[in-house]
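Any read-out appearing in this document is the output of simple, stated calculations on the displayed coordinates, not a laboratory observation. Not measured: the values here are computed from a predicted model. Cβ atoms come from the backbone with ideal geometry, glycine included; neighbour counts cover every protein chain shown.
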Amino acid sequence: GAVVSQHPSRVICKSGTSVKIECRSLDFQATTMFWYRQFPKQSLMLMATSNEGSKATYEQGVEKDKFLINHASLTLSTLTVTSAHPEDSSFYICSARQAGVMEQYFGPGTRLTVT
Amino acid sequence: AQSVTQLGSHVSVSEGALVLLRCNYSSSVPPYLFWYVQYPNQGLQLLLKYTTGATLVKGINGFEAEFKKSETSFHLTKPSAHMSDAAEYFCAVTGGISSGSARQLTFGSGTQLTVLP
């Protein structure tokens, strides 16, 4: 149980285009989802926290107009990187948490490369 | 406020030797502590966690960790390393269920474990 999927696992896009990454909780209802970014050989940095049906809370320094997060249902959150640039290339990981439960369950990550 | 310090960005051990990965934390509320493992190009897998109760917690793959409040530590150990243990390990802390914004996970910088044959 407690499986989180991400799609796509890898994506290459051209500079200036937008790309959407999906995060799904497969066997539980995720009231809260988190989006992290990980640069090579570095730790995970929290980008934003989203609660189902409400606006995401972004961490300091994260551009909310560039990284659009939607959490429209209890099983799906999406991260859209708008007008992507090469510096947005990174490994993006989502996690999901049920109400009243501390543990976060992590997705397998999405490798974004912007050319 | 929460923070995690992992001493040693790289640790190498011989196969069969003891694994010790160090983690120290700071937290303004009683902490919940986690160890995660990450294999290349994959997400994080939970190894073990401490919330309340017994301070020595056992996890998957033979790993265990001990919560020491007086030392603000949560070191990860395994008696005998296996080649398959080679990976990146992250220690993380969060506040308890009622601690508001402190419920976010804060990660350490990670420790790359190499197992030598």
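Residue exposure proxy: A:Met47, A:Met33, ordered by other Cβ atoms within 10 angstrom of their Cβ from fewest to most, comes out as A:Met47, A:Met33.
A straight line joining the Cα centroids of segment B:20-96 and segment A:13-51 runs 23 Å.
Subtracting the Cα-Cα distance of B:Ser12 and B:Ser80 from 0.36 nm times their residue separation leaves 23.2 nm of extension gain. Here is the short version for chain A: A:Cys13 have no other Cys C-beta closer than 4.7 Å. Over 20 Å apart at the Cα level, from the set A:Lys41/B:Lys78; A:Lys20/A:Lys55; A:Lys41/A:Lys64, are A:Lys41/B:Lys78; A:Lys41/A:Lys64. Annotation: peptides B:48-60, A:13-25, B:25-37, ranked by per-residue average of other Cβ atoms within 10 Å with the highest first, follow the order B:25-37, A:13-25, B:48-60.
Please average, across the residues of A:11-17, the number of beta carbons from any other chain that are within 10 Å of each residue's own beta carbon, and give a whole number. Write out the running numbers ahead of the final one.
Details: counts 0, 0, 0, 0, 0, 0, 0.
Per-residue shielding by partner chains comes out at 0.
Of all the options B:Ser84, B:Ser12, B:Ser70, the one that moves most in a Gaussian network model of chain B with Cα springs shorter than 10 angstrom is B:Ser70. Modelled spin labels at B:Lys68 and A:Asn70, positioned 7 Å past Cα toward Cβ, are 5.0 nm from each other.
Pairwise Cα distances in segment A:29-115 exceed 21 Å in 26 percent of cases.
Going from the residue with the fewest nearby Cβ atoms within 10 Å to the one with the most, A:Val101, B:Val115 rank A:Val101, B:Val115.
Shielding of B:32-39 by partners, i.e. mean partner chain Cβ atoms within 10 Å per residue?
Details: counts 2, 0, 3, 0, 3, 0, 7, 0.
Partner Cβ neighbours, averaged per residue: 2.
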